[in-house]
Each structure stands twice: as C-alpha cells, then as structure tokens.
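The values are calculated or read from the model by the stated rules, or taken from the named source; none is laboratory data. As the structure is a prediction and not an experimental result, all values here were calculated from the model. Cβ: placed from backbone, ideal geometry, glycine included. Neighbour counts: every protein chain shown. Surface accessibility is based on the protein's heavy atoms, side chains included, excluding ligands, DNA and RNA. Shrake-Rupley method; radii C 1.70, N 1.55, O 1.52, S 1.80 Å.
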Amino acid sequence: MQKEVSMKKHKLLCGLLSLLGSAAAVSLSLVALYLPKMVLDCVTVQLPVQELLRKLFSVGGLWLLLTVVNLAMQNLITAYAQTRLYTRLIPAWEEKTMEMEYELFSSHQGKVQMEKARQAVSGPNWGIVTYLPRLTALLTAAGGLLAYSTVLCTLHPLAVLALLALFGLELGQGIRTERRKQSLKQEKAEAGRRLNYIAYGTRGLQEGKDIRVYNMAGWLREMARLALGQKRRLEQVTAGYDQRKLLLGSVLILVRDGCAYVYLLYSFFHRHMSVGDFALYFTAITGLGGWLSRLTDSISQLQEARNFVKDYREYMELGEKDKVREQCIMERNPQGTVQKQYAMAQKPEDGAVQERTELDGLSSVERLAKGGIGFRFRDVSYAYTEVGEDGEERKHQVFAHLNLEIAPGERLAVVGGNGAGKTTLVKLLCGLLHPQQGEILVGGTSGGVNLSLRQASFAPRDYYELFSAVFQSSGALPVSVADNIALNTTGDVDEERLWRCIRAAGLEEKIKSLPKGADTCLVKRITQQGTELSGGQLQRLLLARALYKDAPVLVLDEPTAALDPLAEQEIYEQYQQFTAGKTAVFISHRLASTRFCDRIILLEEGRVAESGTHEQLLALNGKYAEMFRVQSRYYQEDEGSLDTAHANSDWNGKEVRI
C-alpha cells in the first residue's frame, strides 16, 4: 500500500514538473517570436525612442525572467530524475537481484531480463532516467506546435494543414524506426552480457593466474573481438535505421518549409503585408518546422525511454506473484503459529486447477525445527532448460519420478558420477529449485507434521532458515573474517561462538596469524589492507560459516575438495560433532569419506540406483563398489609408482634457470 501511494506521488510530481517545464519553454519561445515584430512595427511607425526603449525593456525583462525559470525547471527535472535513479531505481534493481528466486535468477529469461534492466539504469544520462526530460520535451514540442499553428492560422489555415500532413509522414517513419530498434534489444542484451563477463569476470587473482599460465590472453582478446563485433553489427543496424529516418526527415523539411516560404513571399508582395507581420510569419514558419521536427524526435525518444521503463518494470515484476503468495502464507498470530496457510495444488496436465485447501493451526517453521527435520521426495521430476547459440531451447532431464526419504537426524551421503544430479538434489532440498512434477514434503518428529514445500506451506525466507550449507562455488565477501562467518550486518557477533566455529573448521591458527585476527578484511583486490585465503582455507571459512549459523539441517556439497588428505581426515573426524542433533546431507566424489554417514545413496540416470551403508554397498558389489575399488586402486598404484620413482631416481639432466 505504501509503495502504491509513493508511486502515485511520483507520477503526480512527474506530471507537474513536465507541465511547468513545458509551459516555461513555450512561453519563452512565444516572447522570442513576437519580439522582432514589435521592434519592426515600432521602427516602421517611427515610435519615439523613449517609448521604444520602454517596450524593449518590458519585453526583454519578461524574456529574461522566463529564461531563468526555464533553465531552473530543466535543471530541476534533470536533478529529480537522476536523484531517483540513484536513490530508488538502482537500489531497487540490486535488491531485486539479491532477493528474486534462485531458479528464476539462474534461468536464461532471468539473466536476459536482468541485463536489459541493468542497461536501463546504467547511467545518469541514459536509459530510464531520460524518461522525464523526454516527456517534458514532448509536451514542450506539442505546446509550441499548437501555439505556432495558431499564429499561422491567421496567415492561411490550409498552410497549417499541409505542414501537419507532412509532419504525419515524418512521425510514422520515426515510430517504425523505434519498433525496429526495439526488436534488437534482446540480441544487444546478450552481446552486452558476454562483453561484461570478459571485462569484469576475468579480473580476479584466480583468473589472472590461469590467463598467464595457459597463455589465454590471445584467446580472450579473440572472444572479446567476436562479442564486440556482434555488438557493433547491431549498433550499425540501429544506426542505419536512424540514417534512413534522418534522410526522409530532411527531404520532408525541404518540401515543407520551401512551399511555406514561397507562399509567404507571395503574400508579402501581393497582399500588402507589413514588415513586422512578415518577420512574425517567417519566424513562425521556421519555428513550426522546428517544433514539428522536435515533436517527431520527442515521440521517438520518448518511445525509446518507455521501452527502457518497460524493460525495467518487467524485470522488477518477475516472480512478484510468488512474493505476494509468500506474504499471504505467513500471517502469524502473536504466539508465532500460522493462522492461515493455503496449499495451492499444481495444475494437472489437462490444465484444470484444483481447489485451494485451507490448513489451520499448523506449526511454524521454527516450531517444526525443534523436533528434527526430515524430507520426502515424492515422484519428483526436474529438467534444466538450456538455450543454444541458435536460440533454441533444449531440455536436459536430471530427475524423472525420483522418490527419496531422509529421516530426521539422518546423515546421508550422496554419490554418483558427474552430471548425476547431486548438486541439483541439494538445490531442490534447499528450496532453490522447485520440482516440475511431484512434491517435496518436509516433516518433523514434533507432532509428525508433513508440509509441502512446493505447495507454499512455507515462506521461502523462513524455509531457508532451516539450512546451513556449503556449496561448491561460494566465495568470500570483502569484509572482515568475523563478518564473513557471522554474516551479521549489525556487528553483534558472538565472539565465543565465532572462535568455536573457527576452531572446529581448523582455521584458528591461520586467523590468529593475520594482522588484525578475525577483524582482518578479505579480498585484497577490493580492500587495500585485505588478505587472500587459499582454496583450502576458503573452504574451511565456509564450513565455519555454516557451523556458526547452527541450522537444524547441514548441507555439505564437496566441502573438502580443496583440502589435502590430512586436513580432510581432520574434518571427517569431527563430522559426528558437526552433525550432532542435525539432519545432514553430504556430497563427495571421494567415497572413502562416505563411511562417516548413516546411509549412502548412489544417483544414476535420474534415480536412486543404490542405497545402504558403506559396508552394505560394498557387499552389494554394484556401481558403488566398482567406483570404490577404482579409487582405492588408484591410490595404491599411485603410492607404488612414487616408491619406484624414488628408488630408481638418477639425476642426469641439466639445470635450467627460470
């Protein structure tokens, strides 16, 4: 409601500023139009000098006042538009980007819409910020055209109609040009995303090492050249549209103004027109042509600005239905229980929508978490949509009718080959992705409640509170170590808890060696006094972050991939301590680590192919046993090769200085 009121005030203020700005500009133009006529008429009738000066000072003073008002209004309009850009639009875009659903955020549609909206707010003199100045310019051009047409009607009404007819042709060409330019927005956004990645995604320390070691500079330059070439090609097409529009406009102006001047000269010599009237009409014809051109340009430019507004608004409205749904779900009473929860069933294949079911008196997420959390995947299917270079969408099926149950307090290990869906399973579990078929039920031992995640029994923010997670591609923020772990913007960090988590993650010695300890900032390329962590140290930091949150469900996706074997063993020895009283899901390619879990599942071809303890799966002698033997053989052979190499080593080469 407050947002709607604010938007209404903004629209009202924009309309008022545009009307006042255009009124000041048109009034100034009319004074400038009549000033030469007044002077010439006074000279023609030989008006006394004192009277002439009095009139000149009066009209000149009015002209000066209107000039000051016009400049003030233009500056006010520009300042208001730019202030709104930096105080409202850009922060709203950033907040939307951080809070929109992950599934939409990572989709092709989300990425393209995000880039188009980013371009709309990319600068103080470009994009959506030009809407208000261009609206003012349109109203000014329309007001000036009306005023000058009224003046020229006293010369001959048909002259005005002929000028307006030619203006219609010019306007039609301008509208067609903007429609063609808008059709290229999608391709320009995709080309812009590629260039942004090359420009900003290759500047990190890790990328810098790879670029130098693998001599990637030439390859990256070629990628940048191709992306820039595509963008230039689109800009050339756009420029071609503008050039054709400019050429047609020039021809129409020549015909329009030429005919008007011929008729004006005829009237002056054959109809006893005064010199003042000739100057008035001559200036009016020139001015009318200018107003017509400005009106055509203003309509085209306003249409371009409206397209930027449309791009921004479409992005801001992405997923808003789900946000409204979330607000409707979590209507809580003072005791913290949900007063009303609505579970909307999915649409069946025939398109019919089932009725909503009202569930009263269900426990909240916080109350459910106290009794331990379990999950049930029931007939879950999920497929990724990939968009190729040709623009065609392709489905990549990950799960088809997956059924899986995770008991409260169970420590589950998930293994499988690359592309088996391990990370996708974790994302579905955490609510980052949603089943396209089937459902995920969340259950607890406290009262035996089962709630459907997909059917909106939880608000996403509350549901995320259930999880502490270490994902594969997480990173550090350019803030202190303590803030990276606690993720607390208020600065209220529990020091005892912080160091307990740092110690449990095996990072205590490293943190204490830093200049400011846990107050040392990370990410050196952003913070001058910052420090960088190695890959293994970063994984320990992320583990400490997950432990600090202390959520009832712990999710670890390859948490030790960057650790050495001894450090990994140290982490595994504390695994039982980490997961005490929690439901835990653990993903790893190193099968030796899975023996610390209560149960292991092996994913293959979108289903659970094997399930059991480490010993049970070895006895089953299936895919898991085969993978385990291959890994064991690799380490045994590797150790034997190293022993042989050390025994037979004989240095007979030449030293080379690097």
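Some points to look at:
- Cβ separations smaller than 7 Å between residues 6+ apart or across chains give the following pairs from region 533-562 residues that are farther than 17 Å from GLU509 by Cβ and open to solvent by 10 Å² or more (accessible area, probe 1.4 Å) to residues that are modelled with pLDDT of 85 or more and among the charged types (D, E, K, R): TYR548/ARG497; PRO552/LYS582.
- Single residue of region 210-246 satisfying the filter (among the hydroxyl-bearing types (Ser, Thr, Tyr) and surrounded by 14 or more Cβ atoms within 10 Å (Cβ to Cβ)) that is nearest to LYS188 (Cα to Cα): THR238
- Number of positions in region 119-158 that are open to solvent by 30 Å² or more (accessible area, probe 1.4 Å), at pLDDT below 85 and either of a type in the set (Lys, Arg) or farther than 30 Å from ARG194 by Cβ (or both): 5
- Scanning region 394-439 for residues that are within 28 Å of the chain's Cα centre (by Cα) and more than 23 Å from GLN472 (Cα to Cα) gives ARG394, LYS395, GLN436, GLN437.
- Residue count, region 460-496 (criterion: surrounded by 14 or more Cβ atoms within 10 Å (Cβ to Cβ), part of a loop (DSSP other than H, G, I, E, B) and without any contact (Cβ under 8 Å) to a residue 12 or more places away in the chain): 1
- Evaluation of ALA72 against the conditions (1) small (Gly, Ala, Ser); (2) within 31 Å of the chain's Cα centre (by Cα); (3) open to solvent by 40 Å² or more (accessible area, probe 1.4 Å) shows that the sole unmet condition is (2).
- Those residues of region 247-298 which are β-branched (Val, Ile, Thr) and either over 23 Å from THR44 (Cα atoms) or open to solvent by 60 Å² or more (accessible area, probe 1.4 Å) (or both), in sequence order: VAL251, ILE253, VAL255, VAL262, VAL275, THR286, THR296
- Of residues in region 159-194 being touching a Phe, Trp or Tyr at 6+ places or on another chain (Cβ under 7 Å) and of a type in the set (Lys, Arg), the one most open to solvent (accessible area, probe 1.4 Å): ARG180
- For region 80-101, the tally of residues that are open to solvent by 50 Å² or more (accessible area, probe 1.4 Å) and more than 19 Å from GLU314 (Cβ to Cβ) stands at 5.
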